[in-house]
Amino acid sequence: QVKLVESGGGLVQPGGSLRLSCAASGISFSAYDMGWYRQAPGNQRELVARIFSNGRTDYIDPVKDRFTISRDNAKNTVYLQKNSLKPEDSALYYCKAHWLWTDCWGQGNPVTVSS
């Protein structure tokens, strides 16, 4: 059974940092491309960052130079380090595992950036 469990969200002040983690089980993790998505109230879910099985990464422009995605294949975990957080980064953050035609989603982890 595939399972993705996110952790590390919460409330942080503007300019602060958070690190999200997503632990995977039930998949051959190293073969999967992993992504972080977010969805704010009233908005569509959007891709934030992804890391491919070969280690290549890409980011949407609003988070470049502030967010870093990484993976530890030995721990079956993908991370999203978020620095210099802004109120507009507030959202429910999801991780996704993708391989061929298979997509698996985590349950979502809320991040609120507010003073």
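Here are a few things to note about the model shown:
- Meets criteria (of a type in the set (Val, Ile, Thr), closer than 20 Å to residue 3 by Cβ and in contact (Cβ under 8 Å) with a residue 40 or more places away in the chain) for residue 51: no
- Here 73, 83 are screened, and the one residue that is more than 21 Å from residue 27 (Cα to Cα) and either of a type outside the set (Asp, Glu) or touching a strand residue (DSSP E or B) at 6+ places or on another chain (Cβ under 8 Å) (or both) is 83.
- Residues that are surrounded by 14 or more Cβ atoms within 10 Å (Cβ to Cβ) and within 19 Å of residue 29 (Cα to Cα) within the stretch 41-55 comprise 49, 50, 51, 52, 53, listed in sequence order.
- When the stretch 61-98 is limited to residues that are more than 10 Å from the chain's Cα centre (by Cα) and of a type in the set (Ser, Thr, Tyr), the one that is least open to solvent (accessible area, probe 1.4 Å) turns out to be 77.
- Entry remark, the stretch 14-27: residues being open to solvent by 30 Å² or more (accessible area, probe 1.4 Å) and farther than 23 Å from residue 60 by Cβ number 3 in total.
- Residues being more than 17 Å from residue 58 (Cα to Cα) and not in a loop (DSSP other than H, G, I, E, B) - total across the stretch 73-92: 6
- Against the criterion of being farther than 24 Å from residue 101 by Cα, outside any loop (DSSP other than H, G, I, E, B) and open to solvent by 50 Å² or more (accessible area, probe 1.4 Å), residue 11 qualifies.
- Cβ-Cβ distances below 8 Å connect the following pairs, each with a first residue in the stretch 33-48 that is polar (S, T, N, Q), a second residue that is open to solvent by 90 Å² or more (accessible area, probe 1.4 Å), and a separation of six or more residues or different chains: 39/45.
- Residues of the stretch 99-115 that are open to solvent by less than 60 Å² (accessible area, probe 1.4 Å), touching a Phe, Trp or Tyr at 6+ places or on another chain (Cβ under 7 Å) and in a strand (DSSP E or B): 109, 111.
- Qualifying residue in the stretch 28-39 (condition: surrounded by fewer than 17 Cβ atoms within 10 Å (Cβ to Cβ) and under 22 Å from residue 110 (Cβ atoms)): yes
- Which numbered condition residue 84 fails, given (1) out of contact with any Asp or Glu (no Cβ under 9 Å at 6 or more places or on another chain); (2) at pLDDT 95 or above; (3) under 22 Å from residue 112 (Cβ atoms): (1)
The values are calculated or read from the model by the stated rules, or taken from the named source; none is laboratory data. Just so you know, these numbers come straight off a predicted model, no measurement behind them. No Cβ is skipped: glycine too gets one built from the backbone with ideal geometry, and neighbour counts run over all protein chains shown. For the accessible areas, the whole protein counts, side chains as well, though only heavy atoms, and no ligand, DNA or RNA atoms are used. Shrake-Rupley method; radii C 1.70, N 1.55, O 1.52, S 1.80 Å.
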